1. Place +1 on the Cβ of every Lys and Arg and -1 on the Cβ of every Asp and Glu in the stretch 221-308, take the dipole about the Cα centre, and give the residue among 253, 281, 229 whose Cα lies farthest towards its positive end.
2. Given the Cα-Cα distance of residue 375 and residue 264 and 0.36 nm per residue of separation, how much length would full extension add, in nm?
3. Tilt of helix 266-286 relative to the longest C-alpha principal axis of the chain, in degrees (0 to 90, nearest 10)?
4. At 222 nm, what value in deg cm²/dmol follows for the chain if DSSP H runs of at least 4 each add -39500 (n - 2.57) and the sum is divided by all its residues, to the nearest 500?
5. To the nearest 20 debye, what charge dipole does the stretch 160-285 have about its Cα centre, counting +1 at the Cβ of each Lys and Arg and -1 at the Cβ of each Asp and Glu?
6. Sort 273, 300, 67 so the one with the fewest other Cβ atoms within 10 Å of its own Cβ comes first.
7. Which lysines have a Cα less than 16 Å from the Cα of residue 62, not counting those fewer than 8 places away in the same chain?
8. Can you compute the charge dipole magnitude of the chain about its Cα centre, using +1 on each Lys and Arg Cβ and -1 on each Asp and Glu Cβ, nothing else charged? Give it in debye, rounded to the nearest 20.
Amino acid sequence: MYRKISILIIGLLTALQLQAQSVKRLTLKEAIDLGVVNSKQLIVSNAKVKEAQAKLQQAQDKVIPEVGVSGTYLHLNTPNVSFSQESSSNGGSSDSPLASLANLHDIALLQVSASWPVFNGFRTRNTKIMNEYLEQAAQYDAQTTKSNVALTIAKAIYQYYELLETRKTIEENLKQEQQRVTEFKNQEAQNLLARNDRLKAELQMNNVELALTEVNNNVKLADYNLAILLGLPDETIVEIDTVGMFELAKLTTWDEYLQTGLANRTELKSATVQVKAGESGYKIAKANRLPTVALTAGYVNAFIPNVVNITNALNGGVSLKYSITGAIHASHGMQEARARVEQAEASRQIMTDQVKVNIREKYLNCQKSLEQLAITEKAIEQAEENFQISQNKYKQGLLILSDYLEADVALLQARINYATTRAESMIAYYELQESVGTLQ
């Protein structure tokens, strides 16, 4: 009875654990798409794009005439009004307009004004152009962030695959080690094997168990990091659909990758438009040396009881403003703006050099990884053949146990190296695609 209850409790706990840990099976493309959607870095970049778009809209609003409305109402107490002797004799009668000031209690004034800058040194136009360039730069920066996020996810997926394959290889090897230890124990019991040889086999099995413990820990950590990276619940177990994961196009020449990178890298595009934005900023600073011409119009409606009533008072004209102080100080602003242009141009050149070096590095790394992959494939064949020969010789008594176990370790290492190199070759390929701006 007690045993049945224990089994039931264990079953319930297992079911609850499986419910808590949901499984998410994803292809590489699905993982990248999911990570891009949930990327916090991309959310920040998109917010910067919206900010740049808002600034551009503000610059476009500057071409709209500025219209203002103001209204004033004043209530006064009974004022003490006295007139001079001359005013009293000439106009101090009750019929005099000045006499009405003694009964002044309310004043109402309504004004409408409009101003439209016809010419301001092309400041409005250049401000709009500058913000257009800055908005483009923000868009390019967001594309760069998206590419970086995609590469980060791809690397995480392949590294996770590498750990899973390594664990699978070690688990298979551990079964063989356990079987060998069992056989050796039987042989020892029959006095067909020395105790020392059985201990050597057990020691190798223990080493494999230690390696498996380390890999299991790394798998759990990688799975957790991947879930966070993809925006999944923390306890999600990610399963990788490897269909199409190891397809890559044949490498072209270095020059083709270089030209593609120089044409496509969004960092370079962003740096280029920032130089143009700086040039527009210089023109804005230069506009301070020029006058401002504007068309103006106004409407006034005033009501002062017992004194005056003004309605439909319209006015229109042209205003000219020239700041002598602003023109004098404009040269310093122009120097500052020119320095910013020079900084932006230097940054663009630095970025170009960095892109060239980056493409070269990723191209060579990709070539190296593909060469290493071919070597590890061949190494597996050699290690398998070496293990078979060593195993046969050991069974025939032509090889000592240490050499036999060494051949087993070499085969295990060759298989692990192949899984590692296979994943790293794809990471190198994706890094190359990112370096030339073609990773989507």
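1. Projecting each Cα onto the dipole axis, the largest value belongs to 281.
2. Extra length available between residue 375 and residue 264 comes to 36.6 nm.
3. 20
4. The helix contribution divided over the chain gives -24500 deg cm²/dmol.
5. Charge dipole, the stretch 160-285, about its Cα centre: 340 debye, nearest 20.
6. Taking fewest neighbouring Cβ atoms as first place, the list is 67, 300, 273.
7. 128
8. I would put it at about 680 debye.
Any read-out appearing in this document is the output of simple, stated calculations on the displayed coordinates, not a laboratory observation. Here the structure is a predicted model, which means the values were calculated and not measured. In this analysis, Cβ positions are derived from the backbone assuming ideal geometry, glycine residues included, and neighbour counts consider all displayed protein chains.
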